[in-house]
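Here is the structure we will look at, set down as structure tokens.
The values are calculated or read from the model by the stated rules, or taken from the named source; none is laboratory data. These numbers were taken from a predicted model, which means no experiment stands behind them. Cβ sites come from the backbone with ideal geometry, for glycine too, and all protein chains shown count toward neighbours.
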Amino acid sequence: MLITDQTSRRRIPTTADMVSRMCGIAASVLKNGDVGPVLFDCLKKLEYRGYDSVGEASIIDGKIIVKKDKGKISEVERELHISDLRGNVGIGHTRWATHGAPSRENAHPHTDCTDTVAVVHNGIVENFMQLKQELEAKGHKFKSRTDTEVVAHLVEENLRNGRSFAEAVRLAANKLTGAYALAFICTSEPDKVVCVRKESPLVIGTAANGNFCASDIPAFLSRTNQAILLEDNEMAILTADQVRIVQIETGEAVNRKPFTVEWSIETALKTGFPHFMLKEIHEQPMTVRNALRTHPIYMDLMASAINKAKKVFLVACGTSYHACLGGAYAFSNLAKAEVTPVVASEFIDGHGALVDGDTVVLVVSQSGETADTLSAVRGAKDRGATILGISNTMGSTLTRLSDVYIGQNSGPEMGVAATKTFTAQLSVLIKLAVVLARKREFLRKSELETIEAGFQQLPNWISTVLSTQQDSVRRIVERYSDRSSLCFLGRGMSVATALEGRLKLLELSYLPAIAYPAGESKHGFISVVEEGYPVIFVAPRDESYSKIIGNVMEMKARGAKIISIVDEKDGEVARLSDDVIVVPPGVPSMLTPIVFVLPLQLFAYYMSVGKGYDPDFPRNLAKSVTVH
Ligand code: M6R
């Protein structure tokens, strides 16, 4: 699949060509029996991760045999009989994030020029273009458009230079930048699987009849409950009766014993969390990092299109719309770009008359299938607009209708309530605003550096909030669980945060919650406030801080209970509050929603659980709303 730059019509690979971030990996070395049925079973257990292509490879009579194709596991099984694969060493893969027309060539496993090595991958090799050019200059021939294939060729180079299988993999891994979990087999040492981890998950399973590695414990849990977690920058060499772990950088041995997994398969799918929603909230350090890894080519294409357009709209529904509100604020404040956020169902009726060939419509949708959003896209396309898409679902209708699209790469979101996809969408939008600001030379060097440093810090800030505030949020929820309504207030960038906090609470605990720009609250909402009414203030120490103090006092004067989300170094708002939730200090104003929304997600989660509801499946709601 190719996307085309609207101006130059040059062909460039899509994100989907390069990325297979939320894929599933499984590999096995057995003492007895064939790997085909074992890997087939492991891949079935990884189906929940979402995928559109499947593949397995093993070594039979000294040769690598690969069976792979696009389609569901059952379809590929019917066509290629992957479960019949013989041999006692093998690797398997489910590929996600391919485009609507995923291909056999791009499905994993990938092999080198000589079919000596086969590899499966979950992640992104950020420097793959440069590595590919170097390898092509040395005569390597590529069969796919993926980043993964470069790894097979790198290992081939090292084997050619006389390295052992494990050493060839280790040296290759040292050349990669990005995130990856990789598993390899090699005909020169056909009794081994070698696997590598940096930032993408990889777990090892040890059993009497052999050893496994996989993206997730459920893959092998029916065969063994003995697991070893591979840490970042470690690799493992698996034979049927041994697991050896070493540091990727130095080759130094690591000593780690297996632990017993006590979870059922169901719990293991939620990695021990009681609900998918809580699991997904806790995935945000990783999903924000993934979102910020979007390849600069696509950011640049989008920023160029926005820069040239006479009118720019940001269009979405629900949580994605709230991300657009934050995005529009960032476009205006960082890049001085006028970008109008509009709820998708109102877009054509309210703004259709303004849409023409000089218009860019930037559309945000987790699913890429929301009916209201797609109607807006089709209406805008009919009027000649350029469509830019941000979606979590490669191959979705939105990505197919877009002139340029970016995958936010959050992995499948199982909870109906959007959590990790909100912070990922915001990350992409704010980064895009920064790219546009650079293009327009509107930002001072120091401002750019602060935001860039903030992007780097985000995963740490998120981890800190989740690890330090979860219990206090739960306790605060207990204190207010009998209230029939609550209000969320914020100013500036925090309006988006307040609205999103309200939506989460509303959809999960069925409370008629309210949210306003704090300054607007005195124009009507304030009449609702009486003794004990809970008002949640999102109050970062940004340019809106002094004004929000006034709003807090207005509410307090009328007897409201003040719950505030403030930074650790806060003085005034915290002092005025009945309950305080703190986040780390120093989050740049534009990035605050990504950090300040976390306590609100937890607030909604605990309120729902406290009321005895299932936060993963709120009543009347569907994950993807495909009706108008
Ligand atoms: O898949 P989309 O991002 O297009 O979905 C939009 C809304 O339906 C969605 O965000 C909805 O509001 C969620 N349930 C919010 O948690």
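Checked against (1) surrounded by 17 or more Cβ atoms within 10 Å (Cβ to Cβ); (2) out of contact with any Lys or Arg (no Cβ under 6 Å at 6 or more places or on another chain); (3) of a type in the set (Gly, Ala, Ser), SER544 meets all criteria but (2). Between THR267, THR319, THR250, THR271, the distinction of being polar (S, T, N, Q) and either closer than 20 Å to GLN425 by Cβ or touching a Ser or Thr at 6+ places or on another chain (Cβ under 8 Å) (or both) belongs to THR319 only. Take the conditions (1) under 23 Å from ASP616 (Cβ atoms); (2) within 11 Å of the ligand (Cβ to nearest atom); THR397 misses just one of them, which is (1).
Checked against the criterion of being away from the ligand (no atom under 14 Å from the Cβ) and buried (at least 24 other Cβ atoms within 10 Å of the Cβ), the candidates ALA380, ALA353, ALA309, ALA328 yield just one match: ALA380. The set of residues in segment 335-346 being in contact with a Leu (Cβ under 6 Å, 6 or more places away or on another chain) and assigned to a helix (DSSP H, G or I) consists of ALA335 alone.
Residue by residue, here is whether (1) under 18 Å from GLY92 (Cβ atoms); (2) under 26 Å from the mean Cα position of the chain (by Cα); (3) of a type in the set (A, V, I, L, M, F, W, C) holds:
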{"site": "PRO109", "(1), (2), (3)": "yes, yes, no"}
{"site": "CYS113", "(1), (2), (3)": "no, no, yes"}
{"site": "ASN122", "(1), (2), (3)": "yes, yes, no"}
{"site": "GLN133", "(1), (2), (3)": "no, no, no"}
{"site": "ALA137", "(1), (2), (3)": "no, no, yes"}
{"site": "LYS141", "(1), (2), (3)": "no, no, no"}
{"site": "GLU157", "(1), (2), (3)": "no, no, no"}
{"site": "ASN161", "(1), (2), (3)": "no, no, no"}
{"site": "ASN174", "(1), (2), (3)": "no, yes, no"}
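Does segment 536-556 include one or more residues that are within 16 Å of the ligand (Cβ to nearest atom), modelled with pLDDT of 95 or more and in contact with a strand residue (DSSP E or B) (Cβ under 8 Å, 6 or more places away or on another chain)? No, there is no match, as no residue in segment 536-556 is within 16 Å of the ligand (Cβ to nearest atom), modelled with pLDDT of 95 or more and in contact with a strand residue (DSSP E or B) (Cβ under 8 Å, 6 or more places away or on another chain). Per the listing SER144, SER164, the residue uniquely within 21 Å of GLY24 (Cβ to Cβ), among the polar types (S, T, N, Q), in contact with an Asp or Glu (Cβ under 9 Å, 6 or more places away or on another chain) and surrounded by fewer than 24 Cβ atoms within 10 Å (Cβ to Cβ) is SER144. Could you tell me whether any residue of segment 106-128 is modelled with pLDDT under 95, of a type in the set (A, V, I, L, M) and surrounded by fewer than 22 Cβ atoms within 10 Å (Cβ to Cβ)? Looking through segment 106-128, none of the residues is modelled with pLDDT under 95, of a type in the set (A, V, I, L, M) and surrounded by fewer than 22 Cβ atoms within 10 Å (Cβ to Cβ). For segment 405-418, residues that are surrounded by fewer than 24 Cβ atoms within 10 Å (Cβ to Cβ) and more than 9 Å from the ligand (Cβ to nearest atom) total 3.
Residues of segment 224-276 that are of a type in the set (Lys, Arg) and modelled with pLDDT under 95: ARG256, LYS257, LYS270.
Exactly one residue out of VAL435, VAL495 is touching a strand residue (DSSP E or B) at 6+ places or on another chain (Cβ under 8 Å) and either in contact (Cβ under 8 Å) with a residue 60 or more places away in the chain or on the phi < 0 side of the Ramachandran plot (or both): that is VAL495. Would you confirm, using the coordinates I've provided, whether LYS569 is of a type in the set (Lys, Arg) and either touching a residue at least 60 places away in the same chain (Cβ under 8 Å) or part of a helix (DSSP H, G or I) (or both)? So LYS569 does not fit the description; no.
Confirm whether VAL428 is within 16 Å of the ligand (Cβ to nearest atom), in contact with a Lys or Arg (Cβ under 8 Å, 6 or more places away or on another chain) and touching a residue at least 12 places away in the same chain (Cβ under 8 Å). No, not satisfied.
For segment 593-607, the condition holds for no residue, the condition being that it is assigned to a loop (DSSP other than H, G, I, E, B), hydrophobic (A, V, I, L, M, F, W, C) and within 16 Å of the ligand (Cβ to nearest atom). Look at (1) within 16 Å of the ligand (Cβ to nearest atom); (2) in a helix (DSSP H, G or I); (3) at pLDDT 95 or above and you find that ALA291 fails only one, number (3). When you scan segment 220-234, do you find a residue that is without any contact (Cβ under 8 Å) to a residue 24 or more places away in the chain and out of contact with any His (no Cβ under 7 Å at 6 or more places or on another chain), even just one? Within segment 220-234, one or more residues are without any contact (Cβ under 8 Å) to a residue 24 or more places away in the chain and out of contact with any His (no Cβ under 7 Å at 6 or more places or on another chain).
Hey, any hits in segment 498-515 for a residue that's without any contact (Cβ under 8 Å) to a residue 24 or more places away in the chain, away from the ligand (no atom under 15 Å from the Cβ) and surrounded by fewer than 22 Cβ atoms within 10 Å (Cβ to Cβ)? No, because not a single residue in segment 498-515 is without any contact (Cβ under 8 Å) to a residue 24 or more places away in the chain, away from the ligand (no atom under 15 Å from the Cβ) and surrounded by fewer than 22 Cβ atoms within 10 Å (Cβ to Cβ). Applying a threshold of 6 Å to beta carbon distances and a minimum spacing of six or more residues, or different chains, the list of pairs starting in segment 608-628 at a residue that is at pLDDT 85 or above and ending at one that is among the small types (Gly, Ala, Ser) and within 11 Å of the ligand (Cβ to nearest atom) reads ASP616/GLY415. If the condition is being of a type outside the set (D, E, K, R), outside any loop (DSSP other than H, G, I, E, B) and within 16 Å of the ligand (Cβ to nearest atom), then segment 356-377 contributes VAL361, LEU362, VAL363, VAL364, SER365, ALA371, THR373, LEU374, SER375, ALA376, VAL377.
Residues that are outside any helix (DSSP H, G or I) and closer than 19 Å to GLY327 by Cα are absent from segment 421-434.
Set side by side, the residues THR399, THR464, THR421, THR468 differ, and just one is crowded, with 24+ Cβ neighbours inside 10 Å and at pLDDT 95 or above, which is THR421. Would you be able to say whether some residue in segment 96-116 is farther than 21 Å from PRO296 by Cβ, assigned to a strand (DSSP E or B) and in contact (Cβ under 8 Å) with a residue 60 or more places away in the chain? So far as segment 96-116 goes, no, none of its residues is farther than 21 Å from PRO296 by Cβ, assigned to a strand (DSSP E or B) and in contact (Cβ under 8 Å) with a residue 60 or more places away in the chain. Among the residues of segment 356-364, some residue qualifies, meaning at least one is outside the structural domain of SER53 (by TED's automatic domain parsing), closer than 24 Å to HIS295 by Cβ and within 16 Å of the chain's Cα centre (by Cα).
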